[in-house]
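I have placed the structure first, in the form of structure tokens, so that the comments after it can refer back to it.
The values are calculated or read from the model by the stated rules, or taken from the named source; none is laboratory data. Owing to the predicted nature of the structure, the values given are computational and were not obtained by experimental measurement. Ideal geometry is used to build each Cβ from the backbone, glycine not excepted, and the neighbour counts take in all protein chains shown.
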Amino acid sequence: MAIKQLTPEQIRTFTPAQKDAWWLENIFRGDMPQLTLRAAIVGFCLGGVLSATNLYIGAKTGWTLGVGLTSVILTYATFRSLTRFGVRDMTILENNASQSVATAAGYMTGPLISGMTAYMWVQNALIPWWQMTLFNVVLSLLGVLVAFPMKRRFINEEQQPFPEGQACGVVLDALYSTGAEAGMYKAKLLAKAAGIAAAVGFVTGENLMAALQQKVLRLKSAWHLPHNLDAFYYWMVDKGWVPEPRLAGASLRQLGVSPSLDLAMFGAGGLMGFRSGASMLLGMILNFIVVVPSMIAIGEIRPKLDGTFSRVHVLNNWALWWGIVIMVVASLVGLFAKPEVLLQAFRGLGKKRTEKDVVSHIELPLIISFIGVPIIGFVGAWMANAWFGVSWIFGLTSIPLIIVLTLIATSSTALTGITPTGSLSKIPQFAYGALDPTHPPTNLMTGVMCVEVASNASNLLMDIKPGYMLGAKPRQQAVGHAIGVFAGALASTPLFYLLFLSDYAPGKNVQAVMAPENGQFGFPSALQWKGVSELVTAIFGGTGSGTLLTNSIITSMVVAAVAGLVMEIARIKTRGRFPLSPLAIGLGVVIPPDSTMAMFAGAAFFAYVHKRHGERVGTPEHARWIGGHEPMCAGLIAGAALMGIADILVKVFLL
């Protein structure tokens, strides 16, 4: 059943009160069950699982993946299956409420794998788990309070699309109006993909196989399927039977240029698209096959003390800088080249509503935001000062900057579905870094404050969009999002320490523990935050820039900046038809090469099946590969990520 919506003419001509009255009459579902106890529990549990997978993927790629459609399908399938045992099926609004809770939880991992990790690396000290949890929760709740005054404008009045949220609304409507068959089919595809990925992850999991064979079967040794596809060749290299591939004296194996059987990255590549996947592969080839060997050959990159090179070594000592610069330039050009987004952000701020508010009884009262934002903002500034040494004046002045950046982020999310947190983080980092250049935590933690609030508010509005389309009560969605915030924080923070810091001991280097040589987690987002912080300190601090930035590094940064500027302008001018993404090229520099190759393989595979079956509407192949594209990718990510997490936890607790 098609969802009713205002026509473009009505959006232009109706007053806000007329739009609200139309919504109450045509869309609002009254007292239909929405945020029930079971909806909250399902969303809470599902959100914990999805935040775990997002943490795993984020540590590998620097991205947090949208989990809205995945949570919709999983919630629907769960309760549809339970109806066979007499459980009452969920209403469409209960499913939407569970999706809001789960999505809020899934996005809680963003600061953990970016700004907070960068802070620990720069300071070489851990953030206590309780401080990390509370700071994250406070900023996320501030995002809820900031979002709801904007909800009345962006969703009620301007009817902005919020593409991902709109897609969730359409899928929910289809599931509950056309029968269970389509939804269950997608759920089965997701489950099958997850099962395949989990099975592969189990047999390639060194710790899982060791526990099974040595602890359970009592064998003296254990075998596991090699994770790297070229393992047999390097086994022959170790035997001395074949030569080891090298470029300018550096082993490709040590640089990490080795294809792997990583189905989580394969699924992530399927979601990102071919253009981004190919651009990442190009960035990886340019860096590790062309640029780095050239710099090694002329002596600009020197080996470690043992005479070898590694991916982490060449990245931290030379290659990181050009990769960061091309990403920063491309993301900022992409942001500020969209004047409609910037103008849209601040349009209508001075308007006063003179008509009767006909939805005040179900909307979150604005007085809660007007009182709550200063109070919660003050608490956040106190935490930044007491725990991270950020000056009170910088913490408090970041609050109005938060509002400005949230308006920009929300406008972008509303129009494109993309929240430009990476771009926006550079603004407070450079601004506060210039004001306090000798104290890196200032630019890092003010950046975390601004980006976390902007991200949470934008994602909350993305969640509210399907609720608005389907007639849900906004107040209950706000409460559901708050529940999800706590679910994500409680699930992701302890898991963060177990996955990445279980080997830490006082005196160890935090970065070396979290991102060791040839380790599977590269933390590309944290590397970018740390790199920008060090660059700001070098530029404005007046010390250390000569040793940090050599002539060859500066040259590479200038070339990267020009290339990023030209390619991003070309992308904008051609309206996205330009074949390369400078942002993805930079990601190909900082993400481990094995992950990049797996993501490209996934992007190429799904591009091929889309080309082959895209026009065969109505066939089983079209339903599977086109209609089931996202559920299959989500299943691959979930199955591989959860098994990867299990492998690490087995090492921590059993071996």
Practice problem: Could you tell me which residue of the range 103-121 is nearest to Gly531 (Cα to Cα), considering only residues that are part of a helix (DSSP H, G or I) and modelled with pLDDT under 85? | Solution: Thr109
Exercise. Search the range 1-34 for residues being polar (S, T, N, Q) and not in a helix (DSSP H, G or I), and hand back the single one that is surrounded by the fewest Cβ atoms within 10 Å (Cβ to Cβ).
Key: Thr7
Quiz item: Residues Gly635, Gly586, Gly627, Gly618: which one is of a type outside the set (Val, Ile, Thr) and at positive phi?
Solution: Gly618
Quiz item: Is there a residue in the range 241-253 that is within 32 Å of the chain's Cα centre (by Cα), surrounded by fewer than 24 Cβ atoms within 10 Å (Cβ to Cβ) and under 27 Å from Val609 (Cα atoms)?
Solution: no
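Looking at this structure, is Asn316 surrounded by 14 or more Cβ atoms within 10 Å (Cβ to Cβ), out of contact with any Gly (no Cβ under 8 Å at 6 or more places or on another chain) and farther than 25 Å from Ala193 by Cβ?
Yes; evaluated as a whole, the condition is true for this residue.
Please determine whether any residue of the range 90-98 is charged (D, E, K, R) and either modelled with pLDDT under 85 or touching a Leu at 6+ places or on another chain (Cβ under 7 Å) (or both).
In the first step, residues of the range 90-98 are kept if they are charged (D, E, K, R); the result is 94.
Keeping just the survivors that are either modelled with pLDDT under 85 or touching a Leu at 6+ places or on another chain (Cβ under 7 Å) (or both) gives none.
Looking for residues that are charged (D, E, K, R) and either modelled with pLDDT under 85 or touching a Leu at 6+ places or on another chain (Cβ under 7 Å) (or both), one finds none in the range 90-98, hence no.
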Quiz prompt | Among (1) touching a strand residue (DSSP E or B) at 6+ places or on another chain (Cβ under 6 Å); (2) among the acidic types (Asp, Glu); (3) outside any helix (DSSP H, G or I) - the single one Asp594 does not satisfy | solution = (3)
Exercise. Tell me, yes or no, whether the range 341-360 has at least one residue that is at pLDDT 70 or above and under 30 Å from Leu134 (Cα atoms).
Key: no
Self-check item: Hits in the range 199-212 (condition: under 16 Å from Phe653 (Cα atoms) and surrounded by fewer than 18 Cβ atoms within 10 Å (Cβ to Cβ))
Solution: Glu206, Leu212
Exercise. Assess whether Leu654 counts as being out of contact with any Leu (no Cβ under 9 Å at 6 or more places or on another chain), touching a residue at least 60 places away in the same chain (Cβ under 8 Å), within 22 Å of Gly519 (Cβ to Cβ) and surrounded by fewer than 20 Cβ atoms within 10 Å (Cβ to Cβ).
Key: yes
Exercise. Output yes when any residue across the range 43-64 is surrounded by fewer than 24 Cβ atoms within 10 Å (Cβ to Cβ), under 11 Å from the mean Cα position of the chain (by Cα) and at pLDDT below 85, and no when none is.
Key: yes
Quiz item: Does the range 544-552 contain any residue that is assigned to a helix (DSSP H, G or I) and under 24 Å from the mean Cα position of the chain (by Cα)?
Solution: no
Quiz item: What's the number of the condition Leu580 fails, among (1) buried (at least 17 other Cβ atoms within 10 Å of the Cβ); (2) of a type in the set (A, V, I, L, M); (3) part of a helix (DSSP H, G or I)?
Solution: (3)
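For the range 415-428, name all the residues that are modelled with pLDDT under 85 and in a helix (DSSP H, G or I).
Residues satisfying the conditions are Leu415, Thr416, Thr421, Gly422, Ser423, Leu424, Ser425, Lys426, Ile427.
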Exercise. At least 2 residues that are closer than 19 Å to Ser581 by Cβ and modelled with pLDDT of 80 or more in each: list the helices (runs of 4 or more DSSP H) lying fully within the range 262-333 that qualify.
Key: 263-272, 274-285
